[in-house]
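The structure appears right after this line, and notes come after that.
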Amino acid sequence: MNAFDVLGDPVRRRILELLAGGERPAGDIVATVGGEFGISQPAVSQHLRVLRDSGFTTVRPDGARRLYAVEAAPLREVDAWIEQFRQTWGKNFDRLDQVLAGMKRKGKR
Amino acid sequence: MSTLTMTPISDTEIRATRSFDAPRELVWEAMTSPTYLPQWMLGPDGWTMPVCEADVRPGGAWRYVWRKDDGTEMEMRGSYLEVDPPERFVATESWGEPWPETVNTGVLTEAGGVTTLTLTIRYPSTEARDAAAATGMESGAAISYDRLDAVLARAST
């Protein structure tokens, strides 16, 4: 599964967002994300496995717990792709705001 | 100013969402009329759009030519597949060979005088997407680890 397939899922995006705040135990992720999306523990575990297998997260044992952390490299691949669109469309839409403001003013006259 | 969110929604699609402080009839007109397109759809600074042709009806062709202040020109063209003003359009878009033709779907929804545009860009294949991504990686080589939080914030929207 490649980066785009991995990020195409909202549950996995939410897990990565949680991990952006720092390392977290698997049980904590399962409870938080499972609660938010109303999905079972095995379902969250499956998403964690996808993230791990695709290199988006790392995992290390800490006693009986398994601690997940985010891995930046695959995200950078996706971000570079999105950044192209962001730069172009960000500028375009900022200018469109001005055009629309002008159209609204004319309409009032 | 409203925030632009962009996120991959499947292996071949990227989706942009942006709100505008205007009724959707105005947003539709600004997004489809050659009167207004050259005023905003210009990409990076330093470019103008001297040619803007748009036959906004199903099967109608569109063609934009941009010119940079140093004389460089770029052309993009495509055709409208679906047109349902002021709500929805589907159009193809291509820079020409060897670039892949994408299918872009724009949906406008209005609430309380604010119009939200949801623009979905679909690549014809994962190979085409990868080619575009490879170009993006070259231009984005300087992107640093620091921006990870911002990436995740966007990816989660």
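Here are a few things to note about the model shown:
- Qualifying residue in region B:95-102 (condition: assigned to a strand (DSSP E or B), without any contact (Cβ under 8 Å) to a residue 60 or more places away in the chain and more than 13 Å from every other protein chain (Cβ to nearest Cβ)): no
- Selection within region B:5-38 - assigned to a helix (DSSP H, G or I), facing chain A (nearest Cβ under 8 Å) and either surrounded by fewer than 17 Cβ atoms within 10 Å (Cβ to Cβ) or small (Gly, Ala, Ser) (or both): B:30
- Options B:105, B:115, B:109: the member that is within 26 Å of residue B:2 (Cα to Cα), within 12 Å of chain A (Cβ to nearest Cβ) and either at pLDDT 95 or above or outside any loop (DSSP other than H, G, I, E, B) (or both): B:115
- Region A:51-70, subset crowded, with 18+ Cβ neighbours inside 10 Å and not in a strand (DSSP E or B), residue farthest from the other protein chains (Cβ to nearest Cβ): A:51
- Some residue of region B:74-83 being in a loop (DSSP other than H, G, I, E, B) and not aliphatic (A, V, I, L, M): no
- Conditions (1) hydrophobic (A, V, I, L, M, F, W, C); (2) more than 23 Å from residue B:13 (Cβ to Cβ); (3) more than 20 Å from the chain's Cα centre (by Cα): number failed by residue A:93: (2)
- When residues of region B:39-64 are limited to those that are touching a helix residue (DSSP H, G or I) at 6+ places or on another chain (Cβ under 9 Å) and either basic (Lys, Arg) or facing chain A (nearest Cβ under 8 Å) (or both), the one surrounded by the fewest Cβ atoms within 10 Å (Cβ to Cβ): B:45
- Test result for residue B:66, more than 30 Å from residue A:17 (Cβ to Cβ) and part of a strand (DSSP E or B): yes
- When A:48, A:100 are screened for being within 15 Å of the chain's Cα centre (by Cα) and assigned to a helix (DSSP H, G or I), only A:48 passes.
- Candidates A:60, A:105, A:66, A:24, filtered to the one that is out of contact with any helix residue (DSSP H, G or I) (no Cβ under 9 Å at 6 or more places or on another chain), among the charged types (D, E, K, R) and either in contact (Cβ under 8 Å) with a residue 60 or more places away in the chain or farther than 24 Å from residue B:38 by Cα (or both): A:60
- Scanning region A:57-84 for residues that are among the aliphatic types (A, V, I, L, M) and within 20 Å of residue A:8 (Cα to Cα) returns A:69, A:70, A:72, A:73, A:75, A:78, A:80, A:82.
- Residues in region B:103-120 that are among the aliphatic types (A, V, I, L, M) and touching a residue at least 40 places away in the same chain (Cβ under 8 Å) were compared, and the one that is farthest from residue B:16 (Cα to Cα) is B:114.
The values are calculated or read from the model by the stated rules, or taken from the named source; none is laboratory data. Source: prediction; values computed, not measured. With ideal geometry, Cβ positions are generated from the backbone for all residues, glycine too; neighbour counts draw on all protein chains shown.
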